[in-house]
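What follows is a short report on a single structure.
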Amino acid sequence: MATYTLPELPYDYAALEPVINPQIIELHHDKHHAAYVKGANDTLEQLEEAREKEAWGAVNGLQKNLAFHLSGHILHSIYWHNMTGDGGGEPLAADGVGDLADAITASFGSFAGFKSQLTKAAATTQGSGWGVLAYEPLSGRLIVEQVYDHQGNVGQGSVPILVFDAWEHAFYLQYKNQKVDFIEAMWRVVNWQDVARRYAAAQARDNVLLLAP
């Protein structure tokens, strides 16, 4: 049985100041992300028990819980690495991320157009959720998705490569109810090197998922 573990942060709590203060990072990682890891593991145990007892009365709720907690764990694991204290700006060929920059232009017309779409998608997600830049393997293009809670408006098989957490626990202690201000500030800490690595990895395995156009 697979067991999920909370990954360590790739930086200290203060590394993303002033965009995100240390208290938020500590609570977000050590409490909220940890809760998704525990929730995924607990749900796997409950599903194992259901199989052993052939007791399927709660299967719908268990499957929903597994998707919620596991998606929360996955998205947060990407989120931490998508950020760096010396990040931000625009992906440029001069910084070794030219393939990603070209893909953004090809998929959205311009970096400015992409930035505007992802900002709006993240800021207007109903309730709690995420804005996501994903690689879509059927077309080979990049798309922006909205994720409600940890699931939602996503293309099956798309691979998230840049995620903006728009849950209140990601920003409220610092930005209060100004979600848009937080999303705008997030662009100052994007780790384009990490996003480019994820894009290259997603491209490299695009024939694994879908075998026909």
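The values are calculated or read from the model by the stated rules, or taken from the named source; none is laboratory data. Keep in mind the model is a prediction, meaning the values are calculated, not measured. Using ideal geometry, Cβ is built from the backbone for each residue, glycine included, and neighbour counts are taken over all protein chains shown. Heavy atoms of the whole protein, side chains included, go into the accessibility calculation; ligands, DNA and RNA do not. Shrake-Rupley method; radii C 1.70, N 1.55, O 1.52, S 1.80 Å.
Report, in deg cm²/dmol and to the nearest 500, the calculated mean residue ellipticity at 222 nm for the chain, where each DSSP H run with n ≥ 4 adds -39500 (n - 2.57) and the sum is divided by the residue count.
Roughly -14500 deg cm²/dmol at 222 nm, from the helical runs in the chain.
May I ask you to list, by number, the DSSP H helices of the chain whose Cα span along the axis is at least 30 Å and whose average Kyte-Doolittle hydropathy reaches -0.5 or more? Please report the intermediate quantities before stating the final value.
On the way: long enough: 59-81 (33 Å, 0.05).
Span-like helices here: 59-81.
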Gap separating the Cα centres of region 156-209 and region 87-133, nearest whole Å: 9 Å
Spherically averaged projected area of region 50-148 from its Cα convex hull (nm²): 9.3 nm²
Lysines whose Cα lies under 28 Å from that of Lys176, excluding same-chain neighbours fewer than 8 positions away: Lys31, Lys38, Lys115, Lys120
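Mind ranking 43-56, 160-173, 82-95, 179-192 by how tightly packed they are, going by the mean number of other C-beta atoms within 10 angstrom, highest first? Mind showing how you got there, number by number?
On the way: 43-56: 12.6, 160-173: 21.4, 82-95: 16.0, 179-192: 19.0.
Result, highest mean first: 160-173, 179-192, 82-95, 43-56.
Taking a ≥ b ≥ c as the square roots of the eigenvalues of the Cα gyration tensor of the chain, is the shape rounded (a/c under 1.5), prolate (a/b larger than b/c) or oblate? All intermediate terms of the calculation are to be shown ahead of the outcome.
On the way: a/c = 1.87, a/b = 1.28, b/c = 1.46.
Oblate, since a/c reaches 1.5 and b/c is not below a/b.
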With every protein chain in place, region 1-132: carbon and sulfur % of accessible area (1.4 Å): 51 percent
Highest-first arrangement of 71-77, 138-144, 115-121, where packing means the average Cβ count within 10 Å: 71-77, 115-121, 138-144
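Using 0.36 nm per residue of separation minus the Cα-Cα distance, give me the extension gain between Lys176 and Ala50 in nm, one decimal.
On the way: separation 126, 0.36 × 126 = 45.36 nm, distance 4.21 nm.
Extending this stretch completely gives an extra 41.2 nm.
For Trp187 and Glu8 in the same chain, what is the full-extension length gain: residue separation times 0.36 nm, less their Cα-Cα distance, in nm? It would help to have the intermediate numbers written out before the result.
Numbers: separation 179, 0.36 × 179 = 64.44 nm, distance 2.27 nm.
62.2 nm is the gain from fully extending Trp187 to Glu8.
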